[in-house]
Amino acid sequence: MADEKLAENTESESAGTPGEAGSSPSRRSLLGWGGAGLALGAVAAGGAAVALRGDKDDAPMMSAAAAGAAVPFHGAHQAGVATAVQDRLHFAAFDVKTKDREELIRLLKDWTRAAERMTAGQPVGEGAFGGLPEAPPDDTGEALDLKPSRLTLTVGFGPSLFAKGRFGLEAERPEALVDLETFPGDNLDPARSGGDLCVQACADDPQVAVHAIRQLARIGFGKVAIRWSQLGFGKTSSTTPDAQTPRNMMGFKDGTRNISGTDTAALDKHVWVSAKDGADWMTGGSYLVARRIRMHIETWDRAPLQEQEDIFGRDKGEGAPVGKAKEHDEPFLKAMLPTAHVRLAHPDSNNGATILRRGYSFTDGTDGLGRLDAGLFFLAYQRDVRKGFIPVQRSLAKKDALNEYIQHVGSAIFAVPPGVRDKDDWWGRTLFA
Amino acid sequence: MRPARLSVVTAVATLAALTAVTGCAEKADSKDKANGGPIRVTAKDDACEVSTKEFKAGHVELAIENKGSKVTEVYLFFPDGRIVAERENIGPGLKQKLTAEVKPGEYEIACKPGMKGDGIRQKVTVTGDSKAVAKRSPELDAAVAAYRTYVQQQADETMPKATAFAAAVEKGDIEAAKKLYADSRLGWERTEPVAESFGDIDPKVDVREDGLEQGQKWTGWHRLEKALWQDKKIGAEEKALAEQLVTDLTDWQKRVGTAEITPTSMANGAKELLDEVATGKVTGEEEAYSHTDLIDFKGNVEGAQKAYELLKPVASKNDPALTKELDTQFAALNTLLDKYRKDKTSYEFTSYEKVGKDQRKELSDAVNALAEPLSKLAAAVAK
């Protein structure tokens with residue numbers, strides 16, 4: 001994995017390029033650099049790698065994020081899964097409109113080339129200005145002057161893409177790419193669920209993430225159409241074992257025990273699909289479950305503090321598990337209520353089921369009743385959904401005391417293929433080629 | 001319609017109008033003498049004789065004499081069919097003068113005995129410096145000329161339909177007026193970017209209630225649409241508005257041939273037609289009372305397709321992948337639209353209020369699929 005190699009070389013990379021990560025060039029200054037984008041990505045990634053290892057020292061973490069460094073696009077795995085979680089999200093699910101397999105492949109290639117540029121902080125195509133006055137520019141331009149902002153773009157394929165009679169992929173559908181069951185309490189809106197393709201755009205600057213989805217949608221018109229999309233802010237989990245776990249919209253730290261982006265053994269065990277898992281083309285990939293979880297914010301806010309803490313199984317201030325002093329103290333599950341969220345979600349309660357969470361808070365204004373339309377846009381990556389999300393969600397849907405205050409309103413599952421290796425490779429090559 | 005938006009077409013048309021006015025006013029006789037005096041045009045019932053086929057750029061004067069038996073008119077045309085100058089209503093035996101400011105290039109002088117048809121045409125050449133005139137390919141000139149003919153034809157065909165619609169309103173026949181309403185708009189919708197280029201006509205005939213400026217009187221099609229479908233009554237005011245609509249459209253019909261049209265304005269006009277669909281029709285805002293949005297929708301697509309087909313010979317040489325994509329997407333959108341009408345020749349489309357949310361999304365997707373590549377047509381033509 002590229003990230004790790006760079007992490008190993010962090011000392012020398014950083015030493016050899018003083019100030020680079022701290023003064024990452026803006027998109028505009030990148031114009032005309034052309035082939036320099038890759039080199040820059042590698043240099044900037046030095047900064048990102050520092051962040052990954054920054055468990056004992058907060059300073060490099062801050063400087064990497066503040067520098068808006070670029071995350072390398074190429075690698076054995078797609079960036080945006082184990083990558084240190086960025087602050088902002090724009091997630092889009094697409095319907096494929098074309099019936100032509102070759103056209104779909106062409107689109108994936110076009111998307112890959114655009115993603116290479118954007119994640120390196122460059123505008124797509126010929127850029128946003130300076131072209132023919134009579135024609136619209138290739139890039140819409142709102143990310144000019146902004147830094148790469150650790151933008152990652154991650155693509156996934158939904159079960160419907162493998163349907164019979166569409167692209168001849170029915171034999172390629174992995175068993176692990178299941179049709180998710182309807183869990184008790186689900187109130188799923190088809191207009192916020194499913195999709196043939198998805199793109200997860202994460203960045204530290206929301207404008208950079210939105211810009212990326214906008215360009216891909218534009219490149220895709222006629223071949224794909226956005227089915228639904230979700231903006232997210234305030235990451236609700238962290239893949240860097242730093243001191244603080246971010247809080248969700250209920251004010252709680254949730255997701256303390258997440259897989260670290262540098263824990264290769266855990267990633268291999270729980271996140272990355274292995275060659276032994278069945279579908280060869282998925283080796284190095286992962287399975288993504290996306291759930292839009294609406295929170296009944298107003299009633300939650302009226303719940304007594306004790307009830308809130310009991311529901312989660314943590315205290316609200318420190319985030320420590322029941323009976324413990326510190327957030328990262330090992331929880332004693334039996335001390336919690338049998339319906340406590342942490343207890344039910346814990347691997348020990350689910351035969352070791354472990355997922356990598358990358359969720360974000362969302363607020364889409366208010367609904368027609370004046371209630372905050374807010375909640376958690378839950379994103380979880382795992383090697384096999386049947387051993388990851390499904391058993392955990394079955395357990396939660398049945399017993400979780402939190403269910404009184406939340407409702408799952410959108411749902412989707414995607415097979416996230418392995419990474420794009422180099423400039424000649426493209427998203428989905430292992431599936432289509 | 002979008003009165004606030006000054007399209008490429010509008011801007012250029014305004015400029016052309018200004019040039020024409022000042023050009024006529026300021027030049028002295030000395031320039032005429034450089035050309036050896038006025039160019040004599042002798043109009044007959046079966047001939048249009050011109051004293052010289054070649055003259056110098058600048059201020060020119062045509063001395064016209066009608067020696068025929070019919071009332072005639074004389075035009076000076078650009079090679080793309082645009083009118084440089086015209087003189088109407090020249091009775092038998094009468095003499096008239098026509099002046100114009102012309103740049104070097106190829107032109108045509110036409111006499112129209114009986115003031116009908118294409119007239120009898122003579123090619124003329126204007127010589128001199130041509131630093132201001134960008135050379136265009138004859139293919140593109142032909143495309144512009146054909147599009148100009150189309151635009152005029154649409155205006156001409158609209159008039160009897162609009163007159164019939166107005167007559168029904170004036171008779172107080174609500175049902176008959178409702179039936180004629182959408183069809184009376186079709187020619188306008190097909191050529192909307194050109195129609196809109198006359199900034200003074202568009203706000204009179206096609207403004208929606210939500211587009212009115214403070215103090216602006218609401219006139220035109222949509223005002224009558226509301227009377228017919230919402231208020232369900234026709235009073236003296238509506239009858240007067242119907243008459244006014246015909247007057248305003250007659251103005252459009254007379255002036256539409258003078259619009260400045262270029263290959264890129266045609267291409268971007270086609271894209272603008274799809275923009276009209278994307279912002280107004282697909283949401284159901286355009287025909288809020290009659291719900292005849294799909295007829296306008298079809299008209300916009302037809303107009304865009306006409307402009308595209310005329311530019312295609314050039315565009316397909318410069319960017320074959322683009323024209324292939326456009327062919328596919330025009331076909332896809334037309335196929336989708338066909339699902340909403342009885343047969344492929346009928347303009348009776350499903351009422352838009354009966355088009356569900358999912359179907360609207362499908363239409364919107366198809367519009368985006370076409371409009372995005374269409375936005376690249378101007379570049380393919382300008383290469």
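The values are calculated or read from the model by the stated rules, or taken from the named source; none is laboratory data. All figures in this text were calculated on a predicted structure; none of them were measured in a lab. All Cβ positions, even for glycine, are placed from backbone atoms using ideal geometry, and neighbour counts span all protein chains on display. Keep in mind that these areas ignore ligands, DNA and RNA; they rest on the heavy atoms of the full protein, side chains included. Shrake-Rupley method; radii C 1.70, N 1.55, O 1.52, S 1.80 Å.
See the values below:
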{"read-out": "For the range B:292-372, convex hull of alpha carbons as volume per residue, Å³", "value": "83 Å³"}
{"read-out": "Accessible area of the protein assembly as shown divided out per residue, in Å², using a probe of 1.4 angstrom", "value": "43 Å²"}
{"read-out": "Range of Cα positions in the range B:238-324 per principal axis (Å), largest first", "value": "52, 33, 15"}
{"read-out": "Convex hull volume of the range B:187-247 per residue (C-alpha atoms, cubic angstrom)", "value": "98 Å³"}
{"read-out": "Mean projected area in nm² (Cα convex hull; one quarter of hull surface) for the range B:258-306", "value": "3.8 nm²"}
{"read-out": "Whole-percent pair-distance distribution, where bins are 10 Å wide, for the alpha carbons of the range A:266-347", "value": "16, 30, 27, 19, 8, 0"}
{"read-out": "Of all accessible heavy-atom area on chain B, the percent that carbon and sulfur account for (1.4 Å)", "value": "52 percent"}
{"read-out": "Rounded if a/c under 1.5, otherwise prolate or oblate - the protein assembly as shown, Cα gyration tensor axes", "value": "prolate"}
{"read-out": "Gyration tensor verdict on the range A:106-247 (Cα atoms; rounded if a/c is under 1.5, prolate if a/b is larger than b/c, oblate otherwise)", "value": "oblate"}
{"read-out": "Debye equation applied to the C-alpha atoms of the range B:144-288, log10 I(q)/I(0) at 0.08, 0.11, 0.14, 0.22 Å⁻¹", "value": "-0.21, -0.41, -0.66, -1.47"}
{"read-out": "Within the range B:136-383: Cβ-based charge dipole about Cα centre, in debye rounded to nearest 20 (Lys, Arg +1; Asp, Glu -1)", "value": "480 debye"}
{"read-out": "Entries of A:235/B:357; A:223/B:339; A:223/B:324; A:276/A:423; B:44/B:161 with Cα pairs more than 24 Å apart", "value": "A:235/B:357; A:276/A:423; B:44/B:161"}
{"read-out": "Buried solvent-accessible surface, both chains (B, A), 1.4 Å probe, Å² to nearest 100", "value": "1100 Å²"}
{"read-out": "Rounded Å value of the spacing that divides the Cα centres of the range A:232-309 and the range A:118-153", "value": "31 Å"}
{"read-out": "Partner lysines for residue B:217 [C-alpha distance under 16 Å; skip if fewer than 8 residues away on the same chain]", "value": "B:204, B:226, B:239"}
{"read-out": "Chain lengthening between residue A:364 and residue A:179 when straightened (0.36 nm per residue, less Cα-Cα)", "value": "63.9 nm"}
{"read-out": "For the range B:136-383, fraction of C-alpha pairs farther apart than 32 Å, in %", "value": "21 percent"}
{"read-out": "Positive-end residue of A:236, B:42, A:224, charge dipole of the protein assembly as shown with Cβ unit charges", "value": "B:42"}
